[in-house]
1. Using a Förster distance of 22 Å, how high is the FRET efficiency between ARG4 and SER201, based on the Cβ-Cβ distance and rounded to 0.05?
2. Pick from TYR228, TYR92, TYR154 the residue whose mean-square fluctuation is largest in a GNM of the chain, springs joining Cα atoms under 10 Å.
3. Suppose a student asked you for the relative contact order of the stretch 5-241, using Cα pairs under 8 Å spaced at least 6 residues apart; what percent would you report?
4. Which distance in nm do the two modelled labels at LYS215 and TRP103 give, with both placed 7 Å along the Cα-to-Cβ direction?
5. Straight-line reach only, C-alpha to C-alpha below 15 angstrom: list the aspartates and glutamates that LYS215 could link to, leaving out same-chain residues fewer than 8 apart.
6. Using only Cα atoms and rounding to the nearest 10 degrees, what angle (0 to 90) does helix 14-25 make with the longest principal axis of the chain?
7. With a Förster radius of 35 Å, plug the Cβ-Cβ distance of THR78 and ARG132 into 1/(1 + (r/R0)^6) and report the FRET value to the nearest 0.05.
8. So what are the ³J(HN,Hα) numbers for the stretch 39-56, from phi and the Karplus equation (6.51, -1.76, 1.60; θ = phi - 60°), rounded to whole Hz, Gly and Pro as x?
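Rule-based calculations on the coordinates, nothing more; no lab input. Small disclaimer: the values here were computed from a predicted structure and weren't measured. Quick reminder, even Gly has a Cβ in these numbers, built from the backbone with ideal geometry, and neighbours come from all protein chains shown.
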Amino acid sequence: MSARGVVVIGATSAIARAVAQQFAAGGCAVIVAARDQDENEAIAADLRVRYGVEGHAFAWDAEAFDTHGAFVARCIETLGDRLEGVVLCSGYMAEQKAAQGDWSLARRMIDVNYSASVSVLERFAAHFEVRRSGFLCVVSSVAGDRGRQSNYLYGSTKAALSIWCEGLRNRLYPAGVHVVTVKPGFVDTKMTWGTVPFAASPEAAAKAILKAIDKKKNVVYVPWFWRYIMLIIRHVPEWQFKKMKM
């Protein structure tokens, strides 16, 4: 039986799958959680066979809010004192112009990217706060650093998530629980494959995420150079920024 355990939520995404593999390679028991249970089961089976660790596949639907409490309770019951932390990678992005004219798309981004994240992680936070140990790692986005016409609806949900992480980090610090905010730029996934020459691989992103958790970083950009790109973008004066096509 593995001495350590983690929960990876949104496990069918490329980054989440790579994160789960990195933890499993280090000997951790891993609970992978996603809505597509067939793919989720395949990921858990791969972890068991490839790394010889416990791999559990639990159903997770971000929009099924009434199931979140039972999901968290099941994770805690399964891993018990071995539960060290949670990595949340779930998210949804609709095309900006489509979401502008379709409230259901905008609402889904709000529900999946922000509301569901708060719903499930507040429950894990309460558990770790009482135990006075653990970590929460939340994958946000560079899109939340400044509102741009090309994706401000999606970006606003990630901005809200990042601010929530700040407050949670402040709250949990006295209890010895660490909160890591991860802000990826372009990562080489199905959506970006072949279109972004400097995109990071999911494996490189996962290694950066585990390093940030290990070193108890507060906010980490993936790849690292996005910190400086976004620093420049954030400091463009608003009178000028509103005229730019971004």
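1. 0.30
2. TYR228
3. Once divided by the residue count of the stretch 5-241, the mean separation gives 17 percent.
4. It is 4.6 nm.
5. The reachable aspartates and glutamates, counting only those whose Cα sits under 15 Å from LYS215, are GLU84.
6. 30 degrees
7. Values: r = 21 Å, r/R0 = 0.60.
Given R0 = 35 Å and the Cβ-Cβ separation, E is 0.95.
8. Once θ is set to phi - 60°, the couplings for the stretch 39-56 become 5, 4, 4, 5, 5, 4, 5, 4, 5, 5, 6, 6, 10, x, 10, 5, x, 10 Hz.
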